[in-house]
1. Which residue, of A:256, A:278, A:171, is surrounded by 17 or more Cβ atoms within 10 Å (Cβ to Cβ), farther than 28 Å from residue A:12 by Cβ and in contact (Cβ under 8 Å) with a residue 24 or more places away in the chain?
2. Mind listing whichever residues of the range B:62-75 are touching a strand residue (DSSP E or B) at 6+ places or on another chain (Cβ under 8 Å), within 9 Å of another protein chain (Cβ to nearest Cβ) and part of a strand (DSSP E or B)?
3. On the given criteria, is residue C:195 on the phi < 0 side of the Ramachandran plot and not in a loop (DSSP other than H, G, I, E, B)?
4. Looking at the range A:270-290, can you tell me whether even one residue there is out of contact with any helix residue (DSSP H, G or I) (no Cβ under 7 Å at 6 or more places or on another chain), assigned to a helix (DSSP H, G or I) and more than 27 Å from residue A:232 (Cα to Cα)?
5. Among the residues that make up the range A:136-149, is at least one of them more than 14 Å from every other protein chain (Cβ to nearest Cβ), surrounded by fewer than 20 Cβ atoms within 10 Å (Cβ to Cβ), closer than 21 Å to residue A:77 by Cα and under 17 Å from the mean Cα position of the chain (by Cα)?
6. Looking only at the range C:194-246, filter to residues that are in contact with a strand residue (DSSP E or B) (Cβ under 7 Å, 6 or more places away or on another chain) and in contact (Cβ under 8 Å) with a residue 24 or more places away in the chain; which one of those is surrounded by the fewest Cβ atoms within 10 Å (Cβ to Cβ)?
7. Which one of these is at the interface with chain B (Cβ under 10 Å from one of its Cβ atoms), surrounded by fewer than 20 Cβ atoms within 10 Å (Cβ to Cβ) and not in a helix (DSSP H, G or I): A:17, A:4?
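Laboratory data are not the source of any read-out in this text; all were calculated from the coordinates shown. Predicted model only: the values in this text are computed from it and were never measured. Positions of Cβ are generated from backbone atoms using ideal geometry, with glycine treated the same way; all protein chains shown enter the neighbour counts.
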């Protein structure tokens, strides 16, 4: 679909910010970076629904709010449905002539917990019904707000408090749920994966999603320096490396057509990415090292599959 | 505590009527280090602006003019991602990037 | 009084008809027996272009109330319907809807909660939600179900209230029972409910607001107190709307209705359709010279304790009939018994009738006049001898 792909940061920086400072997100939290990139990339009036989680808690502690746009929090699992209800109300009220049509866009923010686990049914239902909502998953790969518990997005081998690395168990056993694929299988018009390290790609994707006449889904890797255990300054570097190792490929599915947006010139070994994060530290012990090879093998396999799907082979 | 409103005065339903009211909350006290910029060498590429989680890079007329120290949490992403190298930073004197982190007093 | 036409409708279709005339902006609903007819009938109205309503066929009851919350926050007039486990599934969202002060109107066709799975009538579903902060109104028959639905919109949206309303009718008995229902003209209903003007709207782009903020211990308490405050104004609003509705239709509504109560020595207190059966018994016993009366509460939450005590204080013995058990409550009693006892303790000045409880009709177990008669006989025994043989009894239970 045709959207403005030209991005002039100075121009974007001249517009008022829709996301106010003073929120309680941790220093260096990718969610703050991502929300700013998203809201600075689009000009349409937005209404935002957010699931319970870091972003919601940090930005809406009564009587403070970081939102300079209409915003609603309902419960943990139902952000998509809340937005769907608001979208339906908008349609009804405009149709009845009770409010003017200002081309309002409905955005949803949900963490991986809300998206992959507890809220999957609600998103699936909203997508099946074809609501014009843009669902953004802020994937920090665990239930971070409650203190780093595993979700089905948590990568294999990661230490979380409910999938801890111990003497005999090396962190999370299961592979992460292929949520982007699952959303694409709903046959909604726009699905994508993005990373704030590649902000131009992310912003274009958000513009496309918002312009979609139907449901759209973007899964964005949202580094958590607390839960992933690294210095606050390396958030973007870790995100970038996730893309360069093909751990977090950047691709989109537009009307069922898979397209790869970025192919690393030199595919880096996953070990480099694992090394940067304390949550994988135990994997470097001799008894667990074999897991790194298994993880690499699986990443390679998924990457090959993606290349094929995107017609890159 | 004396300033908090009673139940009769608060808007119903815990609805917050003032957009962006979190700006009055100072998060600048969180940090243990702060970013400083070599103003002359800065190319105003806006990379620090696009990567700041706290809208703490102040931009006016297409130029970075400073940092919002009321809200900057000192994460250091701006310094880490700044693409412009300097040999002697105007503030710290050290080689590195245009933005460098210095310890909070 | 305006022109009305008489239709043969079951309670579900009567509610659907009221919904058609109200023409809400959004309806988000999920099917569950015995409410399905409401949603099906309304869907047909949508398909036939008879209503300008955005109908969201959600994928669960939790999604239904979630969507209703989003739509109501966006300033739309929102309605839905459910029963039993569907109501149970949306439990957290009931509290959220009431706490966010959203005037959603939900029809609840009372059905037993599992387990065992049972699709028939009892009040365990809505009673289980009595603390959620919603307004509860009960209908005895399809006419009342129709009338209550229309009034519910006005009660919920009243600026002194702004709380969601649950409008109950007995599953199958009323929901699937066809009766004679007087239907107002479409125009009359539209005029009665008027336009909904939300206090705050999510769609206010120019003055954006934040809905559903979280509150620390320094604020949460105050918002709960506000809810109690709003609920305290509900009885007056219910009376005002009931009178206005009466002027329009000829059918006047209040907080409760009384039958042969003025000089009664013993009284039956019962909700919903069973009141009809009880009325037949009262009429029969009165012909035999027995001074028995009936009180049918209509508004259940907030509980109009003061008014009920006023109406019942002269009576010697009250037999409450509960169509649900408030498990773990004293002697295994039901919620209506608890509310009434608390009311007499609070407003009765330490004096009042003997009150006993009769659990009946669970899982749709039939209640017949003979059983109610035997209950009245027991009330008379208590009145005569002062002896309460059993505080909580059961009607129709196989021992």
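1. After ruling out the rest, the residue left standing is A:171.
2. Scanning the range B:62-75 gives a single hit, B:64.
3. It is false that residue C:195 is on the phi < 0 side of the Ramachandran plot and not in a loop (DSSP other than H, G, I, E, B).
4. yes
5. No, the range A:136-149 has no match at all.
6. Only one residue tops the list, namely C:235.
7. A:17 is the lone residue from the list that is at the interface with chain B (Cβ under 10 Å from one of its Cβ atoms), surrounded by fewer than 20 Cβ atoms within 10 Å (Cβ to Cβ) and not in a helix (DSSP H, G or I).
The rows are residues; the columns are (1) more than 7 Å from every other protein chain (Cβ to nearest Cβ); (2) out of contact with any helix residue (DSSP H, G or I) (no Cβ under 8 Å at 6 or more places or on another chain); (3) in a loop (DSSP other than H, G, I, E, B).
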{"residue": "A:12", "(1), (2), (3)": "yes, no, no"}
{"residue": "A:23", "(1), (2), (3)": "no, no, yes"}
{"residue": "A:43", "(1), (2), (3)": "yes, yes, yes"}
{"residue": "A:49", "(1), (2), (3)": "no, no, no"}
{"residue": "A:57", "(1), (2), (3)": "no, yes, no"}
